[in-house]
Structures are given as C-alpha cells and as structure tokens.
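What follows is a short report on a single structure.
The values are calculated or read from the model by the stated rules, or taken from the named source; none is laboratory data. Please read these numbers as outputs of a predicted model, since none were measured by experiment. Ideal geometry is used to build each Cβ from the backbone, glycine not excepted, and the neighbour counts take in all protein chains shown.
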Amino acid sequence: EDLDQWNKEDLLEKDRKYVWHHMTAHNENPMIIASGDGSWVTDIDGNRYLDGMSGLWCVNVGHGRREIAEAAADQMMKLAYATLVQSHIPAIELAAKLNEWLIGDYRIFYSNSGSDANEVAFKIARQYHHQNGKPSKYKFISRHRAYHGNSMGALGATGQAQRKLKYEPLGVGFQHVPPPYCYRCPFGQTKETCSLQCAKAIENAIVWEGPDSVAGVILEPVITGGGMIIPPDDYLPMVRSICDKYDVLLIVDEVICGFGRSGKPFGHQNYEVRPDIVTMAKGLTSAYSPLSATAVSSELYDSFQEKEATSHFRHINTFGGNPVSCKVALTNLEIIEREDLVGRSAEIGNAFRSGLEPLQEHPHVGEIRIFGSAMGIELVEDRESKIPASVERVTKIVMACKSKGLLVGKNGDTVHGFANIITLSPPLSSTDSDVDFIIATLLAVFGQEEEKG
Ligand code: PMP
C-alpha cells in the first residue's frame, strides 16, 4: 500500500480525539498498523514487525491472503446477506466442513464473536435441562484465570477479577474453581504427589452447589489468555467423567485453541474427550471477517426438535453466519488443510522448545509452557521464590522485543500484581525464518536482561 497518502500526525490527532482504545488507558502514541503480509505487519512509518501474537491469537493463516479477499468479494457480489431463519450455501457448506474437523456429529449455530458463542452455549445448556424436566439446573462452573468473553454471561464465566471490577453484577450462577496450574499448584502438590485435586475441585463445586442446580462446566483445553496454563494429561478426561456422573454439560471454549493452534484441529482432541458443546471464533476465519460458532452434539440437539414452539431455541443474531463470513471461513479452512497448518503448528512449537532451551536456566524465567504453537513464558523475580516478575521487568522485555521488531503479548493481572506471562502465538503459516527470528530475538532480549542483572 502507498503509505505516502497518509499524514501520521493528522491520523494521530484524530485518533487522540475520536478513538477509544481497547483495554488501555488513553494511548497518546499508538502504533498505527497499516498493512500485513504473512507473519509480518507494517506500521505507518514503514517499520516491519513480526506479529508474534497473530493479532490477538486469531490470524492463523497469516496476513495478506488474496484468496480469502477474492472469495469474500465474490460472495458479496453473489449474495451479501440472508438470514439463517432460511438457509444459504456457505452456511451449509461450512457446517458440513466443521463436522469434518470435529469428532462425532455436531449442529452448528452461528454468531459473531467468541463472547456470543459462549452466551449461546449457556442458553442452550439451560434450555436443555429445562426441557429434560430439570429447570433448576442453571449454574456454570469455570476456573479462576480463565477468560470467556466480555458480555455479562461470558464475563461472569471469566475468572479474572481485574476484568470484572466495576461491572458487577454480571450474569448470575457462575462459580469458579482453582485452575490446573501445575507451576503454582493451588493445592500445594508436585508432579510426584499430584492426584488431580484441580479436577476434583470441579466435582466438589458441583456437589457443594448442588448437582440439581448445575447446568454445565465451561473450560478452555488450556487456559490461554490467562497465562498459558496447561493441565495434566488426565485432567480433561476426568472432568468429562465428572460431568457425566452429575448430568452436567461440558462446554469447551476453543476460541483460541481451535483451528490448529494446539497442533490438532481442536485443542480438546489432544485429550480425547467429546464435549457436549464446542465454541469457536477467532481462527475460524483467521479474523478476515467476524464469525463464531457454537457446535452442539447431535444428542443434545435432538431434544430441541419437539414440535411445540416452546422447545425451539429462541435466539437470533442478525449477522451471525452471514454468507460472506461463512465463505471466508470455508476458504480459510481450505488453506489450513491444503498447507497442513495444523501439522505446521506442532512443528513451530517444537522449534520453540528446542530453540529456547538456553532460556530454561535464565534467572527470571520461571517456566516456559508450550501447547501446539502457543507459548507462555512465565517471568519471576527469582526462580526459588517464584515471586511474579514486576510489571516494570515484564514491560521492559515486551518493549525490548518491540524495538527489535517482535510483537509479543503480556498476560495475567495488572491490578493484582501478576501480569507476568509473556505470550507468543504466531501465525501457523510462519516460515522457518520467521520462527528463527522469534527465537533469536527472544534469546537476544533475555541475554541483555541477564547482562544488566
Ligand atoms: N473465549 C476465549 C478463550 C477468548 O480468548 C476470547 C477472546 N480473547 C473470547 C472467548 C471472546 O471472544 P471475542 O473477543 O470474539 O468476543
């Protein structure tokens, strides 16, 4: 793109006057990103950065895919919009394609965002129990540190205090249990003594809340945005059997883990469980167009098919599953399949694992956690005490990466003093040289930190 047509100072002036930025205090001098190509983005000054977080864990196939742009333009000319009270070709084809990605049969309900997809899951779960003669089952169990979205229900499910302060009361009936955070086991256990008390905490929550009051458990296969918290291998299967025992639905939030990021088509496929409901967004379209989906097991769906109007799922979403977004998603999934980006994701993770080996001993690196191609580097003040690294230390590393042309994420809780996890999750299409660049940059940044002490 010809950047000369834009005057940066004019743009910044308008930005300062008119734009309300997400999540940050007013940012006087935001980066203005003007274009993207593969794993790289270019700012208004022409500086190039490796997009180490795929935007916000979403640009799975990388930037600048002409094939997707052309498919969208073509679909807009054919049919820009139709509701899903009727049907249309891209929605049908995409629902069928998603069933190739999932294991077992699922019905697909479309909406616009990850938050929407989770709200739909909560409503379906509550209605399901209602129709099964158990209207008192309305509560959901989720984990502290988890993020499930910004709307009142999804924020209710979120287990991060700093996002909820000042917005309460949120959706009611969301109870939280400790996460499976092995590095800081909430139950004081080690790998040797682990008896999955984190999974049993879910059973306790169900029993103590009253099984007749609990509709579902919602979880991500791995807590991503809350700090790349990877459970022990047996955790998810155990949660599945606990849910079965108490007639509680298992909702798996694949908004980040889905579409190859985990090294499998969906994150839960690393653990061989069949969720009742799977929610997805972000990588579904690689963020080329907003779209989300709630996949509901066919067993669950069947109970919504009585003839009385009261058994219909009474939910409509104007833009949900619009033809253009569905066509974009189909093209995106075709690219992931054709280029085997699911396999590539696992390769990227392995390259991180071996390339970053030297950081394992760094005095401020507590632990490096990798799931597929997504990585969290938990920073500490010192390895012995595991005191979370100070905001200043973490910010210095993030800024040092940026000054060397690498954009990384920062996760945790700034309000309560543990925003100490650096995250990386580059496009799954990243080339070997992109991955080498990420590794070399991190080694250089941490090397400099060490020199300074
Ligand atoms: N679930 C998870 C796990 C997420 O990470 C996010 C967004 N970061 C959401 C749900 C909400 O998605 P959206 O921002 O599209 O509403």
Original post:
Would you say Asp15 is assigned to a helix (DSSP H, G or I), among the charged types (D, E, K, R) and closer than 25 Å to Met399 by Cα?
Top reply: yes
Original post:
Considering Pro180, Pro186, Pro237, which residue is within 16 Å of the ligand (Cβ to nearest atom) and free of Cβ contacts under 8 Å to residues at least 60 places away in the same chain?
Top reply: Pro180
Original post:
Would a scan of the range 131-147 turn up a residue that is touching a Phe, Trp or Tyr at 6+ places or on another chain (Cβ under 8 Å) and more than 29 Å from Asn420 (Cβ to Cβ)?
Top reply: yes
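Kindly indicate whether Ala117 is under 18 Å from Phe266 (Cβ atoms) and either away from the ligand (no atom under 16 Å from the Cβ) or modelled with pLDDT under 95 (or both).
Details: under 18 Å from Phe266 (Cβ atoms): yes; either away from the ligand (no atom under 16 Å from the Cβ) or modelled with pLDDT under 95 (or both): no.
No, not satisfied.
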Original post:
Hey, among the residues in the range 128-153 that are surrounded by fewer than 21 Cβ atoms within 10 Å (Cβ to Cβ) and over 30 Å from Lys166 (Cβ atoms), which one's nearest to the ligand (Cβ to nearest atom)?
Top reply: His130
**OP:** Could you check how many residues of the range 284-301 are within 11 Å of the ligand (Cβ to nearest atom) and among the small types (Gly, Ala, Ser)?
**Re:** 2
**OP:** Please verify whether the range 315-329 includes one or more residues that are among the hydrophobic types (A, V, I, L, M, F, W, C), under 24 Å from Pro221 (Cβ atoms) and away from the ligand (no atom under 16 Å from the Cβ).
**Re:** no
Original post:
Does the range 371-405 hold any residues that are farther than 13 Å from Asn420 by Cα, in contact (Cβ under 8 Å) with a residue 60 or more places away in the chain and not charged (D, E, K, R), and which are they?
Top reply: Phe371, Gly372, Ser373, Ala374, Met375, Cys401, Gly405
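Can you pull out every residue in the range 192-239 that is of a type in the set (Phe, Trp, Tyr) and out of contact with any helix residue (DSSP H, G or I) (no Cβ under 8 Å at 6 or more places or on another chain)? Don't jump to the end; show me each part of the working.
If we filter the range 192-239 for residues that are of a type in the set (Phe, Trp, Tyr), which is where we start, we get 208, 235.
The answer is Trp208, and nothing else.
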